[in-house]
Amino acid sequence: MTAVAPDEGAGAGHGSPAPSPTPVTRVLIVEDEPALLRALRINLRARSYDVTTAPTGRAALAEAAKRPPDAVILDLGLPDVEGVEVIRELRGWSRAPVIVLSGRTGSGDKIGALDAGADDYVTKPFSMEELLARLRAVLRRDESPLHTSRVRIGPCVIDLAAHTVTNGIEAVRLTPTEWRLLEILLRSPGRLVGSRALLQEVWGPGFENNTNYLRYHMARLRRKLEEDPARPRHLLTEPAMGYRYQP
């Protein structure tokens, strides 16, 4: 996180220390639509984010190099280069989470952005409150990695170190595939994990299009772990994009 420097001379000569810098979060907004850019800037600044903006992909990369952001909100349809290319270039040297904004609803666009390194994908039109909630989620992921081996999902306690699950009454058995999926999701709380990335990590290269594997095993995990599998609260599906563990 970046910090705001105290005013020059604050407390000088009065025998009391200067006030501590106030941590702030710097968000870079990359959007070429002036009305939307203005709305995003106003809403984020009203919530005490330090906002910088760029109307093009090249300007965004230059701004990010000059003032590294803590998070990026990026439109895919930019006038100079594709937003996916901006993500790829950023990922060469920055770990800042990237939330994509786009009017493109096709699964190919979503998969392409996630594979390039985006952390989340929000389609236009969108609710400002939803976008802000997703921003908080990706920032929490960076600030709060999973430091404990024990996680609770509904009535179940999962011990990742011991590879055990209990629901308060008895042990719950997970298959090796279910364990692998669950571990990947728990490793990134609040973060959207793309379907292709999950398939590649669990089943290996060549399985990126077998989304039916994910649907089957995620349904089994919900039946075993969620209080109400039909309305899961923790193991969430993002249609056409992937899955998310919500603490």
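I'd like to verify a number: residues in the stretch 67-118 that are assigned to a loop (DSSP other than H, G, I, E, B) and in contact with a Ser or Thr (Cβ under 9 Å, 6 or more places away or on another chain), how many?
13
Considering R152, R233, R173, R222, which residue is part of a helix (DSSP H, G or I) and modelled with pLDDT of 85 or more?
Answer to the check: R222.
Take the residues of the stretch 33-66 that are assigned to a loop (DSSP other than H, G, I, E, B) and among the charged types (D, E, K, R): which is farthest from L135 (Cα to Cα)?
In this case the residue turns out to be E33.
Which one of these does I87 not meet: (1) in contact with a strand residue (DSSP E or B) (Cβ under 6 Å, 6 or more places away or on another chain); (2) more than 25 Å from V24 (Cβ to Cβ)?
For I87, the exception is condition (2).
Take the conditions outside the structural domain of S188 (by TED's automatic domain parsing), closer than 18 Å to M241 by Cα and out of contact with any helix residue (DSSP H, G or I) (no Cβ under 9 Å at 6 or more places or on another chain) and apply them to T105. Does it pass?
So T105 fits the description; yes.
When L181 is evaluated against the numbered criteria (1) out of contact with any strand residue (DSSP E or B) (no Cβ under 6 Å at 6 or more places or on another chain); (2) surrounded by fewer than 17 Cβ atoms within 10 Å (Cβ to Cβ); (3) at pLDDT 90 or above, which criterion, by number, is the only one it fails?
(2)
Tally time: how many residues in the stretch 193-211 are in contact (Cβ under 8 Å) with a residue 24 or more places away in the chain and not in a helix (DSSP H, G or I)?
Summing the residues that are in contact (Cβ under 8 Å) with a residue 24 or more places away in the chain and not in a helix (DSSP H, G or I) in the stretch 193-211 gives 2.
The values are calculated or read from the model by the stated rules, or taken from the named source; none is laboratory data. From a predicted model like this one, the values you see are computed outputs, not experimental measurements. FYI the Cβ positions are ideal-geometry reconstructions off the backbone, even for glycines, and counts take in every protein chain you see.
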